[in-house]
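Q: Dropping a structure here in structure tokens format, bear with me for questions.
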Protein chains: 2
Amino acid sequence: MRIAVDAFGTDKAPFPEVEGSIHAIKEDLCNEIILVGDEHILQAELDKYYYDHNRIRIYHASERIEMHDHAAEVVRMKKDSSMVKTVELHKNGEADAALSAGNSGAFMAASLLAYGRIKGVSRPAIAAALPTTIEQPAILLDMGANVDCDAENLLQFAQLGSIYFTYCYQKPNPRVGLLNIGEESTKGNALTREAYELLSAAKDLNFIGNIEGKEILSGKFDVIVCDGFVGNVVLKTIEGVVRAVFDMLKEQLEKDWIAKIGAILSFPAYSFLKRKLDHTEFGGALLLGLNGTSIVCHGSSDAKAIKNAIRFAVRTVQSGFVQHSKDYFRER
Amino acid sequence: MRIAVDAFGTDKAPFPEVEGSIHAIKEDLCNEIILVGDEHILQAELDKYYYDHNRIRIYHASERIEMHDHAAEVVRMKKDSSMVKTVELHKNGEADAALSAGNSGAFMAASLLAYGRIKGVSRPAIAAALPTTIEQPAILLDMGANVDCDAENLLQFAQLGSIYFTYCYQKPNPRVGLLNIGEESTKGNALTREAYELLSAAKDLNFIGNIEGKEILSGKFDVIVCDGFVGNVVLKTIEGVVRAVFDMLKEQLEKDWIAKIGAILSFPAYSFLKRKLDHTEFGGALLLGLNGTSIVCHGSSDAKAIKNAIRFAVRTVQSGFVQHSKDYFRER
């Protein structure tokens, strides 16, 4: 198992990428990691660590894709960028998966250019795993690859998400929900009302109905579908609300010394919860519908997040997700 | 100052409506409350309390609009419903504002039918107040009245929201943000990209740019605009995340006795925060763009929420919001 890691994706690149890769190899999560990017910078950074030189190697790339770069154009213009080289390593069979914490739109474009879509899939999507009040996470898609969708797209997101959940989480027949503004079938905008019809008619899906925003973290749904605009807004809203609640709680706890002592005693409970809700624990988000395995991480990922994303990439490859997706869409 | 209250709106109607009205009068929030609904039920409920009989009266209505009723049809079919009678009392000048915790779509339809739109406003909207990490709330609109919008609608939401914030919160020149998936002007779906252009060109608005989901509770924006589908999903997501965080925290705190003692010591901090984030503290949501004052409350409102909504209704009437809106759109 070999993972290609774009070493120039995070806000603090290449430090989290290099450290995360070192930890992944130390924990034996995969056999080999190929760090992609400027070889001088990467070698200097790697030299700070003790590690098995046979299991981490550098693949040189002179350019870097920035967050503000225009996704579709940049992958054609920056052919020698670390991101483009990362997906090419996977395409050429030198790596079993490609991982980047850079511009997710550009990563989708680069992946599409390198290995294309699965036949039968019209719009690949990005699926994020969310913590829930139960043990098992829920996945939300699309989280931003397709900002304007039609009902057919949402149906395919549900299909891809169900395959993902079935094989990556080993839970067959996942419960699919359509993110909407009410539980009744007649609720919603033009898009979701039409999508409801399609999802209800899809016999091979376990569509259990509309899901309202307040149920996203409830664990009652496994696969939650929406267009990429709504998904992206919701994902960032969840992130912001969790941060705001902890910030407000901290401020309150620091206001009086009895509450502060209480907080010290309760510290393990807080830190467990923070960890549970922390996106860095969830590894990366998977690009679905591609003829390859691309994992995208949050730009603010730290070494732990990168390491978890490498673990997630390995698990995804082992699950045979791409092949299962191909089989599904071939049979249709 | 007289407020007409639909006494059959909440899930537990008419108990919260009656008790909330009693408290509002006891706290002298307004001069008179007209409770609208079945007179026998309401009289029996009122008889449980001591109150000033000159300041709370019953206005009989035999029907009740349900949450699953189709909004546009029901207001024409259930002419003798408590909701329709409530708006009529305001229309006829017997009350200065109408308040309901029932079906918000139906309440919008009933209000439109009774007093119509302000000239120049094409789509009235519902604005909710949200708690932020700073003292002052932010308002989000539309929160569900218009699930499919065009860019012009979003521009009007920004204008109505700015007038609301200026007069109801007495903060002129409120900072307007467009809810979007990135800060850059080129980000977004077809709707938000076009709306960005219109908002940037509107000289009388203090448009400060796109706002991502993670900033909604940050207090950096006063008026946040989006279509009603996104607004409704976001609002319910915030509600769900806050509840999930507190539930998970409670579960963790109960797992070991030291953490539990800590939680007892920190209790005032938790309860302050819960109160701050509790939608019942925020009074109602205002229907903007109407030729009258309609306030809609959450269906799960308790007596405290109803009382706060009455206070909010009074403040809105006193602010002259409707007249200021009329003046604004007349000059355009």
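The values are calculated or read from the model by the stated rules, or taken from the named source; none is laboratory data. Just so it is clear, the structure is predicted and the values come from calculations on it, not from any experiment. All Cβ positions, even for glycine, are placed from backbone atoms using ideal geometry, and neighbour counts span all protein chains on display.
Q: Give me the pairs: first residue in the range A:143-163 and under 23 Å from A:D204 (Cα atoms), second residue part of a loop (DSSP other than H, G, I, E, B) and β-branched (V, I, T), beta-carbon distance under 8 Å, and six or more apart or on different chains, which are they?
A: Pairs that qualify, where the first residue is under 23 Å from A:D204 (Cα atoms) and the partner is part of a loop (DSSP other than H, G, I, E, B) and β-branched (V, I, T), are A:Q156/A:V121; A:L160/A:V121.
Q: Residues being modelled with pLDDT of 95 or more and out of contact with any Gly (no Cβ under 8 Å at 6 or more places or on another chain): count how many of those fall in the range A:223-243.
A: So the answer is 3.
Q: Going by the structure shown, is A:V296 at the interface with chain B (Cβ under 9 Å from one of its Cβ atoms) and modelled with pLDDT of 80 or more?
A: No.
Q: Regarding the range B:184-198, can at least one residue be identified that is over 18 Å from B:F229 (Cα atoms), at pLDDT 95 or above and buried (at least 23 other Cβ atoms within 10 Å of the Cβ)?
A: Scanning the range B:184-198, I find no residue that is over 18 Å from B:F229 (Cα atoms), at pLDDT 95 or above and buried (at least 23 other Cβ atoms within 10 Å of the Cβ), so the answer is no.
Q: Further, regarding this structure: For residues that are part of a loop (DSSP other than H, G, I, E, B) and either without any contact (Cβ under 8 Å) to a residue 40 or more places away in the chain or surrounded by 20 or more Cβ atoms within 10 Å (Cβ to Cβ) (or both), tally how many sit in the range B:171-183.
A: Total meeting the criteria: 7.
Q: Which of the following residues is surrounded by 22 or more Cβ atoms within 10 Å (Cβ to Cβ), part of a loop (DSSP other than H, G, I, E, B) and touching a strand residue (DSSP E or B) at 6+ places or on another chain (Cβ under 6 Å): A:A145, A:A158?
A: Residue meeting the stated conditions: A:A145.
Q: Report, ordered by the first and then the second residue, all pairs with beta carbons closer than 6 Å, sequence separation of six or more or different chains, a first member in the range B:231-247 that is more than 13 Å from A:L277 (Cα to Cα) and touching a residue at least 60 places away in the same chain (Cβ under 8 Å), and a second member that is charged (D, E, K, R) and surrounded by 24 or more Cβ atoms within 10 Å (Cβ to Cβ).
A: As it stands, the answer is B:G231/B:D142, since those pairs meet every condition given.
Q: Quick check on the range B:164-201: of everything there that is within 22 Å of B:L288 (Cβ to Cβ) and β-branched (V, I, T), which residue is nearest to the other protein chains (Cβ to nearest Cβ)?
A: Ranking the qualifying residues of the range B:164-201, first place goes to B:T192.
Q: Give me the residue from the range A:129-142 that is in contact with a helix residue (DSSP H, G or I) (Cβ under 7 Å, 6 or more places away or on another chain) and of a type in the set (V, I, T) and, out of that set, surrounded by the most Cβ atoms within 10 Å (Cβ to Cβ).
A: Filtering first and then ranking leaves A:I139.
Q: Quick one: B:I310 ticks every box in (1) within 24 Å of B:L112 (Cβ to Cβ); (2) of a type outside the set (S, T, Y); (3) without any contact (Cβ under 8 Å) to a residue 60 or more places away in the chain bar one, so which box is it?
A: If we test B:I310 against (1) within 24 Å of B:L112 (Cβ to Cβ); (2) of a type outside the set (S, T, Y); (3) without any contact (Cβ under 8 Å) to a residue 60 or more places away in the chain, just (3) comes out false.
Q: Right, here's the next one. From the list B:H53, B:H60, which one is surrounded by fewer than 18 Cβ atoms within 10 Å (Cβ to Cβ) and touching a helix residue (DSSP H, G or I) at 6+ places or on another chain (Cβ under 6 Å)?
A: Result of the check over B:H53, B:H60: B:H60.
Q: Hey, can you tell me all the residues within the range B:251-275 that are out of contact with any helix residue (DSSP H, G or I) (no Cβ under 8 Å at 6 or more places or on another chain) and either facing chain A (nearest Cβ under 7 Å) or under 15 Å from A:F272 (Cα atoms) (or both)?
A: B:E251
Q: Does at least one position in the range A:109-127 carry a residue that is outside any helix (DSSP H, G or I), touching a residue at least 40 places away in the same chain (Cβ under 8 Å) and either touching an Asp or Glu at 6+ places or on another chain (Cβ under 7 Å) or within 11 Å of chain B (Cβ to nearest Cβ) (or both)?
A: So far as the range A:109-127 goes, yes, one or more of its residues are outside any helix (DSSP H, G or I), touching a residue at least 40 places away in the same chain (Cβ under 8 Å) and either touching an Asp or Glu at 6+ places or on another chain (Cβ under 7 Å) or within 11 Å of chain B (Cβ to nearest Cβ) (or both).
Q: Give A:D204, A:D227, A:D222 a once-over and let me know the one that is within 20 Å of the chain's Cα centre (by Cα) and more than 14 Å from chain B (Cβ to nearest Cβ).
A: None of the other options fit; the residue is A:D222.
Q: Turning to a different aspect of this structure: Looking only at the range B:7-24, which residues are buried (at least 21 other Cβ atoms within 10 Å of the Cβ) and either over 14 Å from B:L99 (Cα atoms) or charged (D, E, K, R) (or both)?
A: B:E17, B:I22
Q: Residues of the range B:177-199 being of a type in the set (G, A, S) and either farther than 24 Å from B:L130 by Cβ or touching a Ser or Thr at 6+ places or on another chain (Cβ under 7 Å) (or both), which ones?
A: Within the range B:177-199, B:S185, B:A190 qualify.
Q: Looking at (1) within 14 Å of chain A (Cβ to nearest Cβ); (2) buried (at least 20 other Cβ atoms within 10 Å of the Cβ), which is the one condition that is false for B:L290?
A: Against the list (1) within 14 Å of chain A (Cβ to nearest Cβ); (2) buried (at least 20 other Cβ atoms within 10 Å of the Cβ), B:L290 comes up short only on (1).
Q: How many of the residues in the range B:128-142 are over 25 Å from B:H90 (Cα atoms) and either part of a loop (DSSP other than H, G, I, E, B) or in contact with a Cys (Cβ under 8 Å, 6 or more places away or on another chain) (or both)?
A: Total meeting the criteria: 8.
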